[in-house]
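Read the figures in this text as sums done on the coordinates, not as results from a lab. Note that the structure is a prediction, hence the values are computed from the model and not measured. Here the Cβ is made from the backbone with ideal geometry for all residues, glycine too, and neighbour counts use every protein chain on show.
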């Protein structure tokens, strides 16, 4: 149980385009999901907390207009990187919370050319 | 006060040896302490977790030791295997929020 999926696993896009990443909880409902960014050989950096049916809470320094988060249902949250630039290239990981624990997705590798 | 300090940054252990990774926290409101294992290009996977009402928890070769007064907890990997080579992250949270504070990670390499 407690499986979280992410799609796509890898995406390459041109600078200036927008990219949407989906995060799904497959076998449980998650009122809270989290989005992280991870740089090579670094720890996970929390970007935002996504709550179903309400606006996401962004961490300090994370641009809300750059990283759009939507949590439209109890099993789906999406992260849209708008007008992506090479510095947005990173590994993006989501997680979903259940009973005090977080279960992580497999991550999405974004490369912006 | 929100930091979780993790050490060492990297660790090399011989096959069959014991790997020990340490974490320290400051916020006494934290009440849930998980350890995650991450392989390159993959998401973190929960290994083992502990709450402050116990001082030790063991699951197979993995043991968490917890010292509430010192605000420290550690992961012990017994009989370390090359397949354990990965990055390990400790975390701390207040279980009411789900929000985790992660340590900086430890890259473990187990030599065959």
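With N denoting the number of residues in segment B:1-58, provide Rg(C-alpha) divided by 2.2 N^0.38 Å, to two decimal places.
On the way: Rg = 13.4 Å, N = 58, 2.2 N^0.38 = 10.3 Å.
Normalised by 2.2 N^0.38 Å, the Cα Rg of segment B:1-58 equals 1.30.
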Using alpha-carbon pairs under 8 Å, 6+ residues apart, how would you state the relative contact order of chain A in percent?
37 percent
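With an 8 Å cut-off on Cα pairs and a minimum separation of 6 or more residues, tell me the relative contact order of chain B in percent. List each step's numbers first, then the result.
Working: 285 pairs, mean separation 41.6, N = 112.
37 percent.
Using a/c under 1.5 as the rounded threshold, could you call segment A:31-100 rounded, prolate or oblate? The axes a ≥ b ≥ c are square roots of the C-alpha gyration tensor eigenvalues, and prolate needs a/b larger than b/c, oblate otherwise. Walk me through the numbers before you get to the answer.
On the way: a/c = 2.02, a/b = 1.38, b/c = 1.47.
It is oblate, given that a/c is not under 1.5 and a/b is not larger than b/c.
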What does the average come to when, for each residue of peptide B:93-102, you count the partner chain Cβ atoms lying within 10 Å of its Cβ?
5
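Please quote Rg/Rh for chain B to two decimal places, taking the Kirkwood radius as Rh and restricting both calculations to Cα atoms.
0.95
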What list do you get for A:47, B:78, A:33 if you sort them by fewest beta carbons within 10 Å?
B:78, A:47, A:33
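Counting other beta carbons within 10 Å of each residue's own, what order do A:91, A:28, B:89 fall into, fewest first?
Values: A:91 20, A:28 16, B:89 25.
Listed from fewest to most nearby Cβ atoms, that is A:28, A:91, B:89.
Counting only other chains, and only Cβ atoms inside 10 Å, what mean value do you get across the residues of A:43-52? Can you show the working numbers first?
On the way: counts 11, 10, 1, 4, 0, 0, 3, 0, 0, 0.
So the per-residue partner count for this stretch is 3.
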When chain A is treated as a GNM, springs tying every alpha-carbon pair under 10 Å, which of A:37, A:24, A:99 comes out with the largest mean-square fluctuation?
A:99
Quick check: the distance between the Cα centres of segment A:14-71 and segment B:25-81, to the nearest angstrom?
25 Å
Ranked by GNM mean-square fluctuation in chain A (Cα springs under 10 Å), the top entry among A:43, A:95, A:77 is A:43
Length gained if residue A:26 through residue A:9 is fully extended, taking 0.36 nm per residue and subtracting the Cα-Cα distance, is 4.5 nm
How would A:15, B:69 line up from fewest to most surrounding beta-carbon atoms within 10 angstrom?
B:69, A:15
Mean-square fluctuation check for chain A, GNM, Cα pairs under 10 Å: which of A:17, A:49, A:75 is largest?
A:17
Mind checking B:70-81 for the average number of partner chain beta-carbons within 10 Å of each residue's beta-carbon?
0
